[in-house]
Amino acid sequence: MKITQLELLKVPPSWVWVRIHTDRGLYGLGEPYLEDHPEVVIAEVNRLAPLLIGEDPTRLELLWKRMYESGSGYLGGPVKMSAISGIDMALWDLTGKAYGLPVHKLLGGTFRDRVKVYRACHDEQPYTVAPGMPYRPSPYRSAPEDGAARAPARMARAAETLLQWGFRCLKLHFGPADTLERAADLDGIVECVEAVRCAVGREIDIAVDIHNTHLSRAQQLIRRFEPLGLLFLEEPLPPERIDLLRRVVDAAPVPVAAGERWMGKWAFREALEAGAAVLQPDLAHAGGFTELRKIAAMAEASYASIAPHCPLSPLSFAASIQFGAAVPNFLIQEHNETNASRENGMTRIGSGFMSEPFELGLDGCVAVPDRPGLGFEPDPAGFEAIMRRPWRQARG
């Protein structure tokens with residue numbers, strides 16, 4: 001079996017997929033995308049395509065290394081790694097289909113049959129983006145009926161709704177400034193977390209993302225969060241100084257999570273040395289399955305957990321579920337909350353994009369598909385609509 005073509009598809013509301021074709025009629029799907037930078041990743045996929053045409057798609061390690069080392073000694077970086085990640089995802093999908101096995105079997109088999117999923121909780125009621133439609137102009141805008149309520153009350157009400165949807169873990173998002181010149185309402189942040197904890201009780205996991213704030217603010221918040229029993233505190237610092245994580249880790253015994261914007265195994269090694277308890281590599285950015293399985297092994301050797309980042313399309317989510325099914329030290333899986341919908345009393349993830357969307361059980365988990373490859377079968381109507389869009393590229 002040989003690779004014959006790499007086909008790029010723009011998928012609304014904002015994503016990019018690659019479809020790798022072969023001379024046997026099989027194809028694999030992956031997501032080579034970097035948030036707000038689609039065109040440069042598309043260009044990088046096109047640059048990498050000649051390295052793959054005519055090759056056996058099942059030689060996963062060889063092709064990964066060839067792509068990574070291409071480009072006159074310039075290694076890594078978000079654009080190159082996102083392109084490699086999406087291609088690698090498609091190659092694993094293709095390899096699974098060639099052997100008639102789901103990707104989790106290629107990774108060693110299921111460690112778990114159901115994967116726990118968390119959902120972002122904002123100060124508004126949940127909403128869904130229908131296939132082909134754009135994101136809201138202001139995604140965290142409060143609903144008119146909630147306009148008079150304070151943020152803690154609005155967030156608590158949203159949390160109660162998400163419990164009714166079946167989620168058993170919520171992640172709260174805040175954005176305190178990363179510089180001391182700009183004010184940050186730390187009291188308001190803590191009050192919101194306290195309100196959600198009071199609303200959902202102690203049986204529900206809560207994580208908090210503070211989006212790369214200043215070191216001193218991260219240290220203050222992590223001490224104040226300690227009594228609230230967080231699953232983890234995410235992204236306490238800007239991503240450039242990985243070594244400074246140690247100063248946050250030492251501030252209080254709340255697990256620290258990070259890694260959504262790190263590429264390749266090397267950055268994660270530094271994070272483990274700094275004491276990170278939860279690593280959050282993204283299959284679409286950090287190197288695909290080929291690299292993430294190595295990151296997970298390093299984390300396991302350091303008694304750290306894996307909670308993959310995944311704010312993209314249901315395709316990346318399906319890949320992440322395959323990964324989470326097989327990794328012993330997997331903790332929990334993120335998904336793009338706008339891909340979740342409530343239909344006839346059931347919460348589904350991927351409706352309109354997948355012919356068999358994921359269904360969230362009362363345990364807050366989704367079942368692991370046993371279909372070959374990623375287990376992602378495009379919804380015929382939705383995929384046909386994608387193929388009719390005016391922009392489409394193929395190399396090969």
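Here are a few things to note about the model shown:
- For ALA307, the conditions (1) within 22 Å of ALA90 (Cβ to Cβ); (2) of a type in the set (A, V, I, L, M); (3) in contact (Cβ under 8 Å) with a residue 60 or more places away in the chain all hold with the exception of (1).
- For region 343-396, taking the residues that are modelled with pLDDT under 95, in a strand (DSSP E or B) and open to solvent by 50 Å² or more (accessible area, probe 1.4 Å), the one that is nearest to VAL129 (Cα to Cα) is identified as GLU343.
- Failed item, numbered, when ARG246 is tested on (1) over 19 Å from the mean Cα position of the chain (by Cα); (2) free of Cβ contacts under 8 Å to residues at least 24 places away in the same chain: (2)
- Criterion violated by HIS122 - all others in (1) more than 27 Å from VAL18 (Cβ to Cβ); (2) touching a helix residue (DSSP H, G or I) at 6+ places or on another chain (Cβ under 7 Å); (3) modelled with pLDDT under 95; (4) open to solvent by 60 Å² or more (accessible area, probe 1.4 Å) satisfied: (4)
- Look at (1) modelled with pLDDT of 95 or more; (2) in contact with a Leu (Cβ under 9 Å, 6 or more places away or on another chain); (3) part of a loop (DSSP other than H, G, I, E, B); (4) open to solvent by 30 Å² or more (accessible area, probe 1.4 Å) and you find that ARG202 fails only one, number (2).
- Region 4-39, residues that are over 29 Å from ALA130 (Cβ atoms) and buried (at least 23 other Cβ atoms within 10 Å of the Cβ): none
- Look at region 211-225: where a residue is free of Cβ contacts under 8 Å to residues at least 40 places away in the same chain and a partner is outside any helix (DSSP H, G or I) and of a type in the set (Phe, Trp, Tyr), sitting 6+ places away or on another chain with Cβ atoms under 9 Å, you get HIS211/PHE174; THR213/PHE174.
- Whichever residue in region 207-231 is at negative phi and outside any helix (DSSP H, G or I) and, among such residues, is most open to solvent (accessible area, probe 1.4 Å): HIS214
- Restricting attention to region 45-92, the residues that are of a type outside the set (S, T, N, Q), open to solvent by 10 Å² or more (accessible area, probe 1.4 Å) and more than 26 Å from ARG24 (Cα to Cα) total 11.
- In region 238-280, of all residues being under 20 Å from SER316 (Cα atoms), assigned to a loop (DSSP other than H, G, I, E, B) and in contact with a strand residue (DSSP E or B) (Cβ under 7 Å, 6 or more places away or on another chain), the one that is most open to solvent (accessible area, probe 1.4 Å) corresponds to GLU260.
The values are calculated or read from the model by the stated rules, or taken from the named source; none is laboratory data. This one's a predicted model, so the numbers in the text were calculated from it and none came from an experiment. Note: ideal-geometry Cβ built from the backbone for every residue, glycine included; neighbour counts use all protein chains shown. Side chains are part of the model used for accessible areas, which takes the heavy atoms of the whole protein and leaves out ligands, DNA and RNA. Shrake-Rupley method; radii C 1.70, N 1.55, O 1.52, S 1.80 Å.
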